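Here's the structure, in structure tokens; my notes come after.
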Amino acid sequence: MHKFSQVRNLAIIAHVDHGKTTLIDNMLKQTHAFRDNQAEMGQELILDSNDQERERGITILAKTTSVFYKDIKINIIDTPGHADFSGEVERVIGMADGALLIVDAAEGPLPQTRFVLEQALKQNLKMTVLINKIDRTDARPAWVLNQVEELFLSLAQDEAQLHFPVLYGVGRAGKVWSKLPDNLEAQAGLTDLFETIVHTVPAPQADKDRPFMLQVTNLDFDSYKGVYAIGKVLQGQVKKGQTLNILEADRLVGTGQAQFILTSEGLERVEVEVGLTGDIIAITGIDSIKIGQTLADTSVKTGLPMIKLSEPTLKIHLAPNTSPFAGKEGEFVTIRQIEDRLKKEQKTNIGLKIEPANGGFMIAGRGELHLSVLIESMRREGFELEIGKPEVIVKEIDGVKHEPFEELTVEIASEYVGVIVEELGKRYGQMLDSITDDKGIARMVFKISSRNLLGFRSQILTKTRGNGIFASRFIGFFPVEKAKPKLRNGVLIATETGQVTAYALESVQQRGEVFVKPGDQVYMGQIVGVSKVSRDIEVNVCKAKKLTNFRSNADIATVLKPPVVLSLEQALDFLEDDELLEVTPKALRLRKRFLDPDQRVKAKKKASVSF
């Protein structure tokens, strides 16, 4: 039995860390989606259940949950806020009839907000704006509202989209107001938010008397019910056990039976006998289904056009681990196991393109984060991999080679402006805009090729002591420009296989910063640090002190600097053409493509001759 008489389908849009997931937590709690004694009542970031989402503080996978307000069911579609997950965004935005744009009361709208908002306005979704975190000491809601209005002005398809309700909130406290409050301590809940959603977001424009039709916008899987085909019921209704056509545009590709029909209640999927018009449901029993296909009544012979996605901009080569330590730290090490895992990924992550190449696979995606999330997931599942240097995708347009460009927005204290401008100048970045506010925060916008932007974040973090907000969005393909000069120094390369000693590191650290510590196992050809000079240096980090009866003061204490520990993204940024990243469940190791020094010399000579 359904608990509602009406449906509202709402997408929630926000930049990373603007409070979207925390607000959804409170929407679930205040509508009593959980019993008072359920564990979720004391949790935060309930919807970001994926380990990487919690650790990175971002939403990666689009998810649907629901709350009941009065007799209305509000399906909430939590969209990723990062442009690298545009494949997720482009698909799920089509399930919504309205959208809530959440903007930080201090930072205002940022580039990745712009991308998702642009998609929402193209779909003509009815918009509501929530200026969140108005309790911040640096909050400036009037300025932020002005920035939001300017953003809508630049993106709106027609004048009607420029008129939207504005709410103010402290999402963390579960408080939202329809006007800017004088007292943040006053009693308030989310009633103003729910009332605005109900009156602003239209009911789905779907005819319940026509034959059933649903476009599959997401897939899920469990070992009990198999594949879940998820989408909004665009017309008609579907009953449990009903036979359905599987369509790709105007082509019939097969039939299947709706074994179970499920709808969301809070975070749970609940079995129902009938999937209602306009609701977001999941259908099981059709394991061969693909994202973008249409499920329809057998009387329907023409489906909806397949979903078109933005093109990938970055690619990496991924292959089985070939280092001397291969097979020692992971469970899945063969090319067949990797291939099976990538095929499974491609079913749900359709923004990825995967092709066999050179004993492994060339994987293309929307950016470094998109690709690194996949690599990190596989690593945690027990895979051993080796990864090549990320490369941008170049394509030919009218006989001219074009490469992807991005709009980079930097918000940083004015004292670091010189550092940013100098670094981006080396990378041929073109400044489009620069404003410094009365609090000394500079906001700069640059146009820069994706190729020249690679490695920027990891380099600039040290120069700015971790300050600043850096956000980029893909703006299109433009003619290939000059490549930045090599900005990274050479590396320290291990000459021996064995255990790192403190004695060896004491002298090695005079030559650069090291990535290893005493007791680590290394192999010949492994990169154990970054050199102080531009050339590579071979070092022995396994050298042990010869034992004698003579002891000096120097033997008593060897003081070593702590090793530099690179994250996965930093390690990918670090790579040069002749280097690889070894990824295992226990370690990230940088290495030379050719471990033997003689082979490295031959490869270098061959490359210079061919050049």
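For the chain, what is the calculated [θ] at 222 nm in deg cm²/dmol (nearest 500), taking -39500 (n - 2.57) for each run of four or more DSSP H residues and dividing by its residue count? Show your work: numbers first, answer last.
Working: 14 runs with 138 residues, N = 611.
It lands at -6500 deg cm²/dmol.
Note on segment 270-400: the C-alpha convex hull projects to 12.7 nm² when averaged across all orientations.
Computed on the Cα trace of segment 145-302, the radius of gyration divided by the Kirkwood hydrodynamic radius gives Rg/Rh = 1.10.
R0 = 60 Å: FRET efficiency of residue 248 with residue 142, Cβ-based, nearest 0.05?
Details: r = 50 Å, r/R0 = 0.83.
Once the sixth-power term is evaluated, E becomes 0.75.
Based on the mean of other beta carbon atoms within 10 Å per residue, what is the order of 488-495, 440-447, most packed first?
Working: 488-495: 20.5, 440-447: 17.1.
Per-residue mean Cβ counts within 10 Å order the peptides as 488-495, 440-447.
For trypsin sites (Lys or Arg not before Pro), no site in segment 343-392 is both called loop by DSSP and has at most 10 other Cβ atoms within 10 Å. Length gained on full extension, residue 601 to residue 565: 10.1 nm, using 0.36 nm per residue less the C-alpha separation. In a reduced charge model with +1 at each Lys and Arg Cβ and -1 at each Asp and Glu Cβ, segment 84-191 shows a dipole moment near 240 debye about its Cα centre.
What share of the DSSP beta bridges in the chain is antiparallel, in percent to the nearest 5? Roughly 80 percent of the beta bridges in the chain run antiparallel, per DSSP.
Can you tell me the length gained on complete extension of the stretch residue 506 to residue 158, counting 0.36 nm per residue apart and subtracting the Cα distance?
On the way: separation 348, 0.36 × 348 = 125.28 nm, distance 6.68 nm.
My answer for the length gained is 118.6 nm.
Using alpha carbons only, the radius of gyration of segment 468-529 set against its Kirkwood radius gives Rg/Rh = 1.24.
For the chain, the Cβ-based charge dipole about the Cα centre amounts to some 1700 debye (Lys, Arg positive; Asp, Glu negative; other atoms uncharged). Among the listed pairs 343/517; 482/592; 240/353; 344/401; 439/484, a Cα-Cα separation exceeding 30 Å is found for 343/517; 240/353; 344/401; 439/484.
Computed on the chain, with alpha-carbon pairs under 8 angstrom and 6+ residues apart, the relative contact order is 10 percent.
Eigenvalues of the alpha-carbon gyration tensor of the chain, scaled by 5 and square-rooted, set the equivalent ellipsoid semi-axes at 47, 30, 24 angstrom, largest first. In this calculation the C-beta distance from residue 546 to residue 422 is compared with R0 = 45 Å, giving a FRET efficiency of 0.40. A straight Cα-to-Cα reach below 23 Å connects residue 239 with the lysines 3, 73, 208, 225, 290, 301, residues fewer than 8 places away in its own chain not being considered.
What whole-number value in Å² describes the accessible area per residue of the chain for a 1.4 Å probe? Please list the in-between numbers first.
Working: 28740 Å² over 611 residues.
Dividing the accessible area of the chain by its residue count gives 47 Å².
Hey, if you drop one equal point scatterer on each alpha-carbon of segment 369-495 and run the Debye formula without solvent, what base-10 log of I(q)/I(0) do you get at q = 0.09, 0.11, 0.18 Å⁻¹? Reported log10 I(q)/I(0), two decimals: -0.34, -0.50, -1.09. Inter-label distance, residue 68 to residue 183: 3.5 nm, where each label sits 7 Å from its Cα along the C-beta direction. Look at the dipole of segment 374-416 built from charges on Cβ: of 393, 416, 383, the Cα furthest out on the positive end belongs to 383. When both bridge partners sit in segment 279-429, DSSP labels roughly 95% of those beta bridges antiparallel.
The values are calculated or read from the model by the stated rules, or taken from the named source; none is laboratory data. Since we're looking at a predicted model, the values are computed, not measured. Note that we place each Cβ from the backbone using ideal geometry, even for glycine, and neighbour counts take in every protein chain shown. Each accessible area value is taken on the protein alone, full model and side chains, heavy atoms only, with ligands, DNA and RNA left out. Shrake-Rupley method; radii C 1.70, N 1.55, O 1.52, S 1.80 Å.
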